Amino acid sequence: MCAWRESSGVGDLGWKARRWPVIGALALVVVSLAAGPAAAVPPPPPNPSDSEISSSRQDADSKAGEVGQLTNRLAEAESRLDELQSTVELRMEEANKALVDLQTAQDAADQAQRDADAAAREADAAQAQIDTARANLDQFISSSYQQGSTMGSLSAYLGATSPKDLLSRAQLLEAVSGSQLNALEMMQQAQTDKSNKDAAARQALQLAQQAQDQATQAKVAADGARAAAVSAQQSQAAQTAQLQADKTTVEQQLYEAQQRVSGLQGQRQRYEDWVAQKQREDELQAQQAALASSNSSSSGGGGNSRPSAPATSGSSSSTVERVVARAMSQLGMPYAWGGGNASGPTRGIRDGGVADSYGDYRKIGFDCSGLMIYAFAGVKSLPHYSGYQYTSGRRVPLAQMRRGDMLFWGRSGIHHVALYLGNGMMIEAPQSGMVVRVTRVRYGDIMPFATRLVG
């Protein structure tokens, strides 16, 4: 037993002699870990002051307000322009009507003139026939009757060969004179009728000329009204164009102001990230120092558990990029009212109006809210109505909007939604007859807040 103890003691001393170098080496490693950080923290990035950020936000908000005012003025100007355009179209139609009426009146006056000329010629011809017949009758009477006798001309009777012949000649003279008198009376009646017709024709011509004069005046008035309407419309169009130019300029200023806000906020975020990283590094160094101290003071083979870095949550930026990628994958897809779900494009539905006229119910595609449903599938289930989507997440001022936020439009009610891509651009399913597209953000009727579902 003792021999065992001696040999055991010698063996124990030998084990200790072999163990201490190992422990020393481990202690050196732990001390070296405690002495230096696991990863070097870079120098701190710029940290803009609260006043700088606040000032940039105020500038952006001011520009947004100015855009809103210009948008309202532009909407009023466009409404006025539409009214004036309608007035121009109405005045043009009235001018066309006056032209047609004038042409009709001119045609009627020309026809009345022709009728009056014909009636006058007929009356003159009838009068000439009467004058000839009267001259013939006068000559017959003068040659057939002498000294007012009713027995006729003596020369007509002197050649009679018998009493019977004499009677026949008397009857012939009476018949001739009677027929001529009847013919003259009929011609006089015809002349009276033609004279009446001539008078009626001249009266019709006078009325036709009056109608033509009135039509001419109406056309002059209609042309004047049309010219005034066109002038007013052109003036309003110029004002509207100027307002649009002003609005575009201020929108660009708003975009630049928002970029400044985003830049300063990005600097602040990067600074806060740096602070958080620095804190985590300080905590890790403290843990390593504590572990080194514990190992150096331990005489046994104590645990050598390795310190681990605190867990970090998944990056929201990757989620945003996944949402954007899903939306961008549908570029060029047709607009279909009521179309789209979490799985992709679907057949549109009938609306009984504009969408039906474009055949949306026969198309496979997205409407604006349907595109958002597909983009955010897997992140959040959204209702197929932009008004509800507006309240489906955290609302942030437009000056703070960032990539992956939803933007909304409406005046009396929300009617459109799009996904913000950053740098003043967005992706949307615009309207019937168009396709999913990327375009610049429109600030007319835009809601004052964006809706954020990620981050």
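Just a few scattered comments:
- Matching residues, region 335-366, being open to solvent by less than 10 Å² (accessible area, probe 1.4 Å), part of a loop (DSSP other than H, G, I, E, B) and at positive phi: Gly340, Gly359
- Just one of the listed residues (Ala257, Ala225, Ala276) is over 28 Å from Pro45 (Cβ atoms), part of a helix (DSSP H, G or I) and among the aliphatic types (A, V, I, L, M), and it is Ala225.
- Search result, residues across region 411-421 that are farther than 14 Å from Gly370 by Cβ and modelled with pLDDT of 95 or more: Tyr420, Leu421
- Verdict on Val354 being in contact with a helix residue (DSSP H, G or I) (Cβ under 6 Å, 6 or more places away or on another chain), touching a residue at least 60 places away in the same chain (Cβ under 8 Å) and of a type in the set (A, V, I, L, M, F, W, C): no
- Selection count, region 226-256, where residues are open to solvent by 40 Å² or more (accessible area, probe 1.4 Å), among the hydrophobic types (A, V, I, L, M, F, W, C) and closer than 15 Å to Asn72 by Cα: 2
- Residue list for region 189-216, filter: under 14 Å from Thr104 (Cα atoms) and without any contact (Cβ under 8 Å) to a residue 12 or more places away in the chain: Gln210, Asp213
- Against the criterion of being without any contact (Cβ under 8 Å) to a residue 40 or more places away in the chain and assigned to a helix (DSSP H, G or I), Ser231 qualifies.
- Selected residue (criterion: farthest from Ser231 (Cα to Cα)) from residues of region 63-89 that are open to solvent by 50 Å² or more (accessible area, probe 1.4 Å) and free of Cβ contacts under 8 Å to residues at least 40 places away in the same chain: Gln69
- Identity of the residue in region 257-292, surrounded by 18 or more Cβ atoms within 10 Å (Cβ to Cβ) and among the small types (Gly, Ala, Ser), that ends up farthest from Arg402 (Cα to Cα): Ala292
- Just one of the listed residues (Ser298, Ser329) is open to solvent by less than 80 Å² (accessible area, probe 1.4 Å), among the polar types (S, T, N, Q) and either at pLDDT below 80 or touching a Ser or Thr at 6+ places or on another chain (Cβ under 9 Å) (or both), namely Ser298.
Yes/no per residue for (1) within 30 Å of Ser49 (Cα to Cα); (2) at pLDDT 85 or above; (3) in contact with a Gly (Cβ under 6 Å, 6 or more places away or on another chain):
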{"position": "Ala204", "(1), (2), (3)": "no, yes, no"}
{"position": "Ala208", "(1), (2), (3)": "no, yes, no"}
{"position": "Ala218", "(1), (2), (3)": "no, yes, no"}
{"position": "Gly224", "(1), (2), (3)": "no, yes, no"}
{"position": "Ala229", "(1), (2), (3)": "no, yes, no"}
{"position": "Gln239", "(1), (2), (3)": "no, yes, no"}
{"position": "Thr249", "(1), (2), (3)": "yes, yes, no"}
{"position": "Gln259", "(1), (2), (3)": "yes, no, no"}
{"position": "Gln269", "(1), (2), (3)": "yes, no, no"}
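- Residue within region 108-116 that is of a type in the set (A, V, I, L, M, F, W, C) and either at pLDDT below 75 or in contact with a strand residue (DSSP E or B) (Cβ under 7 Å, 6 or more places away or on another chain) (or both) present: no
- Counting the residues of region 425-444 that are outside any strand (DSSP E or B) and over 10 Å from Pro334 (Cα atoms) gives 4.
- For region 389-427, a tally of residues being in contact with a strand residue (DSSP E or B) (Cβ under 9 Å, 6 or more places away or on another chain) and free of Cβ contacts under 8 Å to residues at least 60 places away in the same chain returns 17.
- Test for Pro430: is it surrounded by fewer than 21 Cβ atoms within 10 Å (Cβ to Cβ), touching a Pro at 6+ places or on another chain (Cβ under 8 Å) and within 28 Å of Val250 (Cβ to Cβ): no
- The number of residues in region 378-422 being assigned to a loop (DSSP other than H, G, I, E, B) and surrounded by fewer than 22 Cβ atoms within 10 Å (Cβ to Cβ) comes to 15.
The values are calculated or read from the model by the stated rules, or taken from the named source; none is laboratory data. On a predicted model such as this, the values are computed, not experimentally measured, just so you know. Cβ: placed from backbone, ideal geometry, glycine included. Neighbour counts: every protein chain shown. The accessibility values were calculated without ligands, DNA or RNA, using every heavy atom of the protein model including side chains. Shrake-Rupley method; radii C 1.70, N 1.55, O 1.52, S 1.80 Å.
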